[in-house]
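All remarks here apply to the structure that follows.
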């Protein structure tokens, strides 16, 4: 069912909120207009702060996909794009429709169970395992054998195939997350200690479908997933979303805790640890388990319409204006969930910060255009699997071969200014050298590269540009703080406890100088790309460069 909030009452709420929240914004614009003219495109902290404090307030209800707060956010971004002077990127509209299917598992109406050794495991939904249909079909019946397929990876360039000599059609495959670890003999296999796309849960589900499996269950561990079971619960106990009309997934997708997997394998006469050790080798053979998934799963399905918001600053060069640099950030968070004292997942850092930063950057870009055009793109449903950016990659508003770069912002530095800036992933393209140049002009340096253990390059919206051949990466906050390194580092690290929790709330006492610095670097880099004679290119041999070559 289409969700709409175009009522007079809701519009009035937005109007009242803007009047209340924006005296500071208006004053800041007047006070800084002269300074901006003198200094060039300078991101203004009061403007960024005003947008962030409002977007992360309870008024926007956590900006949930398919929720009232999400619809409010779309209207807000659309109106603010008009205010700063952006031009609609989709004909005469700032909106790009993203059709999504909402899926809510109904475990109390379902009878699905894992059976091994003639007995059903004593497990409960949420505590021990979670599942949902990957095809947006409300009911599925199962009487399917289980097969352990190690990492569930097919990677010809690594000479790796976990599905060799086994037919998993109509089976339920059980997989580990992450990818094979490096060895002394092969220290660089699967990018060494870094996580590749083969290790992402999204790849696991996609590969299970390609192999003809009826379903897939992932074994969760905090080290391999890079987050705790509570993050899985927050996503899977509530409504989940998938692109409607896109290639459907398997009839069942889900996760189980390590203890659940251990008990299941033991009941099936197998040793989980021994099988996991075997799965680290290329000669691993998938192992059919003497176990089944039986019973029926039920889910509530609804169709919703969400929107990407996109506005353009036209370029000034007669030829280069046909090419574009895209700045992106996802506007959504987890919305309202649960029934506790606080049900709003405000998502101040993730990603109210990036959403607000783009608005502050857009104001400056309009006042200071570049040779190439610039697009400001707020994408929907990132928290549901990068859905908005995936839709954009499939239906771009600007030709991808004319898109010079995508610079993405997701969860900005709320602690304070740094000496360095994170550009991991930029080294895959000419953007790496350009980023180093921009950092130097700002008196900064590029943060020391570290193994991408959590697969960050494949977990943000820039990935859907990269896999379509557009040079892209996410700009991250630095780690070398100018003030009180120890205390600042501890403050930044403590955010991990608030990630995807109701406690990710805006704090008026935040020093946003680091956030402004990060936004300014992104805008400066975008301007460098937009004024460069040539578009950035991928480094020779990079896998994503093949898509660009096509």
Which listed residue is in a strand (DSSP E or B), assigned by TED's automatic domain parsing to the domain that holds residue 244 and over 23 Å from residue 237 (Cβ atoms), from 290, 285: 290
Picking from 397, 412, 407, which residue would you name as being in a loop (DSSP other than H, G, I, E, B), assigned by TED's automatic domain parsing to the domain that holds residue 531 and within 13 Å of residue 474 (Cβ to Cβ)? 412
Within the set of pairs 6+ apart or on separate chains, which have a first residue in the stretch 164-177 that is not assigned by TED's automatic domain parsing to the domain that holds residue 284, a second that is outside any loop (DSSP other than H, G, I, E, B) and surrounded by fewer than 24 Cβ atoms within 10 Å (Cβ to Cβ), and C-beta atoms under 9 Å apart? none
Quick one: count up the residues across the stretch 425-448 that are closer than 18 Å to residue 538 by Cβ and either surrounded by 16 or more Cβ atoms within 10 Å (Cβ to Cβ) or in contact (Cβ under 8 Å) with a residue 12 or more places away in the chain (or both). 11
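Here is a yes/no grid of residues against (1) within 17 Å of the chain's Cα centre (by Cα); (2) surrounded by 23 or more Cβ atoms within 10 Å (Cβ to Cβ); (3) in contact (Cβ under 8 Å) with a residue 12 or more places away in the chain:
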position	(1), (2), (3)
322	no, no, yes
353	yes, yes, yes
361	no, yes, yes
365	no, yes, yes
For residue 69, the lone unmet condition from (1) assigned to a strand (DSSP E or B); (2) closer than 25 Å to residue 241 by Cα is (1)
Suppose we keep only residues that are out of contact with any strand residue (DSSP E or B) (no Cβ under 6 Å at 6 or more places or on another chain) and either in the same structural domain as residue 251 (by TED's automatic domain parsing) or in a helix (DSSP H, G or I) (or both) within the stretch 306-349. Which one would you say is nearest to residue 368 (Cα to Cα)? 320
Among helices (runs of 4 or more DSSP H) entirely within the stretch 189-272, at least 3 residues that are modelled with pLDDT of 95 or more, assigned by TED's automatic domain parsing to the domain that holds residue 286 and touching a helix residue (DSSP H, G or I) at 6+ places or on another chain (Cβ under 7 Å) occur in 258-267
Helices (runs of 4 or more DSSP H) (entirely within the stretch 435-550) containing at least 3 residues that are out of contact with any strand residue (DSSP E or B) (no Cβ under 8 Å at 6 or more places or on another chain): 485-494, 513-531, 545-549
If residue 462 meets every condition in (1) within 21 Å of residue 193 (Cα to Cα); (2) under 20 Å from the mean Cα position of the chain (by Cα) apart from one, which number is that one? (1)
Can you list residue pairs whose Cβ atoms sit under 6 Å apart, with the first residue in the stretch 450-470 being crowded, with 24+ Cβ neighbours inside 10 Å and the second being in a helix (DSSP H, G or I) and modelled with pLDDT under 85? Count only pairs 6 or more apart in sequence or on different chains. none
State whether one or more residues within the stretch 416-423 are part of a helix (DSSP H, G or I), modelled with pLDDT of 95 or more and in the same structural domain as residue 89 (by TED's automatic domain parsing). no
So, in the stretch 116-158, how many residues would count as being exposed (fewer than 12 other Cβ atoms within 10 Å of the Cβ) and at pLDDT below 95? 3
Can you find even one residue in the stretch 508-526 that is closer than 30 Å to residue 338 by Cβ and without any contact (Cβ under 8 Å) to a residue 12 or more places away in the chain? yes
Of all residues in the stretch 494-509 being over 20 Å from the mean Cα position of the chain (by Cα) and surrounded by fewer than 19 Cβ atoms within 10 Å (Cβ to Cβ), the one that is farthest from residue 51 (Cα to Cα): 494
Hits in the stretch 179-199 (condition: in contact with a strand residue (DSSP E or B) (Cβ under 9 Å, 6 or more places away or on another chain) and farther than 17 Å from residue 450 by Cβ): 179, 180, 189, 198
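The values are calculated or read from the model by the stated rules, or taken from the named source; none is laboratory data. All values reported here derive from a predicted model rather than from experimental measurement. No Cβ is skipped: glycine too gets one built from the backbone with ideal geometry, and neighbour counts run over all protein chains shown.
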